[in-house]
Structure formats: C-alpha cells, structure tokens
Amino acid sequence: MSLTSKLPSPVARTKAGKIAKRQPQYDKRPKTYYQAQRSFRGLTTSGSIEELQQALQSRDVRQDQVVNHELVRLGREADEYEAEQEGIRFEKWWQDPATSFEDKLLRLPQRALREELDKPDSLLRTSCHVFTGRTFDALEAAKRLVLAWEELQGPTDLPPGSVVEQCQIVGEATAVRTQAEAFKHAAEQKAREQWALWKVHDEATKAAEQVQREKLMQEVAQFDDWDLTGKWNVQCDALAEHHHYDDVPKKFTMRISMDDYRLDAAGDDEDTAEDEYSETVDGDAADGEPEQEPPADLLRPRFCATFDFDVLEGMMRIYPPTSAQRVHWTSISENPTF
C-alpha cells in the first residue's frame, strides 16, 4: 500500500463550510513508521507524529517509487541473511556429537543414510537401526541407497488407555526381517500382558461394586413397611387456582402402584426401562397386596401414581415420609406429601 493511505486526508467540510463530524479514516501507524519514511527521503525525523504526517503530506510523491524499491531490496537482503544464519545453526546442530542418527534421519533422511553408509563400520551394512519416529521421505531414500525398510505397528485391539506400539526399521534386508519378527512377537506379548492387567483391575472393580451393592441391600432391608391406607393430603396448585368450579369433577382419580425400581439396576437409564406395576389401588385405600411382588431385598419402599384431576393429569413417584426411613439410600428432595 502507498504512503498516502497511511496519512490523514484533508479535513472534510459540510456544504455550509463547517468541519464535518465524520472525517475520512486512514491506516494510522506508530510514530517510528513516519520517522522511517522521513529518514528514507533524507529528511529530519524530529517532531510530533502530527508534524511528521504534515511534512510527509507535502513530500515529492515521485520519490515514493524509489523508496518502495529500496524497501523491497532491504527486505530481500534481510531474508537472505536470516536463511544463511539458519543454515549455519542447522549445520552446527548436525555436526554436534550429541545429535543422534535418528534425529538426523527424521530431518534429512537422504543425507543421514548416505553419511552413515560412508562410515567404514556402518551399522546399516550388516545390521539395522530401529526408531520410533515418523518420517515420510526415508522410504524413498532407503530405496535409492538399496537398503531395506519396514514400518510396523503392533496389535490395535488393546484395553482402554493403551498405546499402540509402532516402529520403523532400516538396514540390511535379513537383519530388518529378523528385527521385524522380533518386534511383532514383543508387541503381541505386551498386548497380552496389558489385557491380563486390565482383566485383574476390571474384576477387582466389579468385586468392589458387588460389595457396595450388597451393603446397600442390607440397608434397604432395614426400612420400615409403609402403609398406604389412611387419609391423603393432596396439594395441586393448578386445581386450587382453577376458577371454573362448575367444571371441576366431583371425584378425582389417582391410581397408586408399587414401584418396581430395583437397586441392581442403579445407574441404568430409567427412561428406557420398562415399567411393570403390580395390582393398583383406586381412591384412598388399597384393595389388596400385589400379586407378584419382586424380591423384598431388591426393592425400595417407593410407589408410583397416575392421576387425573381434569385440570391436570400425569404421573408422579411417591417416596415414604422421612420418619419411615431409618437409612437414606440417596438424597430425596421431593415433598413426600406432594
């Protein structure tokens, strides 16, 4: 972009000659930028940013192209210098005895393999080198130098959280094949050991869960029986606030059923579970005992109810009063009298 776009435009005025509230915007730069522009043109760099901008507005615009060419040349020279310095730093790193063959192989495979082969006692001529890094150019480099190359991966069917074994091998063909077989057997053995450890951990976790489940069932067995017979206090805001009394039915229906929620199903999605209820009771009192009551040690003393109050209908789960619970299996925030 030209220097003009980075300088303020002339003051905009209204038709009446007054200064307009909205002035043209420009790409404002820091003071050092305008000082550099002045310096390129052989001018002084002192003064405020406004003074520098004003002086540049009265410049000889024919010099702009010369300055732009000079800036491009300086930028190119700076890039060339930086590339040269980067090459010096890289060569120093490459020649450093602490730099491993694998590190070199990952950066410049062709050069690393060639230099290794040029050594009188090169490992690649009679044996092989195994490394775990990934390089996509090493295979082509190995082919050009007539070296064998293998990229291997261990079993992928592993316990959760395990890492798949991977490696690459380069060197003499027979040695590479031998090392590849050794890697395969070692990876399979490690996978079997990981599964064995995972199985022990899984069995221990299940055993601990079973102990906790049995403890909860023992606590549930201590609950008092909950008698449904008697008077019920029903709170229904929708019914209490209903103003059309002529429309309110004389009799309300509520069907109460034994809840079959089981402790051994804790954690399951209740929305997908199939609800099966025993014989129901209508009105204020129970008609009889359930025909097929689930085992007592698997039940919580809890019931369900479906209701139809004309202005409101639905389903609720009923918990026993707090006084009937000597042991709390879970936190219950609902009002048991609803």
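The values are calculated or read from the model by the stated rules, or taken from the named source; none is laboratory data. Keep in mind that what you see is a predicted model, and the values were worked out from it rather than measured. Here the Cβ positions follow ideal geometry from the backbone for every residue, glycine too, while neighbour counts run over all protein chains shown.
Computed quantities for the displayed model
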| read-out | value |
| --- | --- |
| Unmet requirement for residue 164, which otherwise passes all of (1) in contact (Cβ under 8 Å) with a residue 12 or more places away in the chain; (2) in contact with a Pro (Cβ under 8 Å, 6 or more places away or on another chain); (3) not hydroxyl-bearing (Ser, Thr, Tyr) | (1) |
| Listing of helices (runs of 4 or more DSSP H) fully contained in the range 60-156 that carry 3 or more residues being closer than 16 Å to residue 171 by Cα | 101-107, 109-117, 123-126, 138-144 |
| Any chance residue 11 is in contact with a strand residue (DSSP E or B) (Cβ under 9 Å, 6 or more places away or on another chain) and not charged (D, E, K, R) | yes |
| Residues (of a type in the set (Ser, Thr, Tyr) and more than 16 Å from residue 7 (Cα to Cα)) located in the range 46-72 | 46 |
| Single residue of the range 32-70 satisfying the filter (of a type in the set (D, E, K, R) and over 54 Å from the mean Cα position of the chain (by Cα)) that is farthest from residue 11 (Cα to Cα) | 41 |
| Filter result (under 28 Å from residue 144 (Cα atoms) and surrounded by fewer than 17 Cβ atoms within 10 Å (Cβ to Cβ)) within the range 173-199 | 173, 174, 177, 178, 181, 182, 184 |
| All positions within the range 68-118 that are among the hydrophobic types (A, V, I, L, M, F, W, C) and either on the phi > 0 side of the Ramachandran plot or in contact with a helix residue (DSSP H, G or I) (Cβ under 7 Å, 6 or more places away or on another chain) (or both) | 94, 101, 105, 112, 113, 117 |
| Pairs, first within 25 Å of residue 112 (Cβ to Cβ) in the range 75-99, second in a loop (DSSP other than H, G, I, E, B), C-beta under 7 Å, six or more apart | 93/99 |
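For (1) modelled with pLDDT under 90; (2) more than 33 Å from the chain's Cα centre (by Cα); (3) aromatic (Phe, Trp, Tyr), each residue gets a yes or a no:
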position	(1), (2), (3)
98	no, yes, no
102	yes, no, no
116	no, yes, no
123	yes, yes, no
133	yes, no, no
140	yes, yes, no
150	no, yes, no
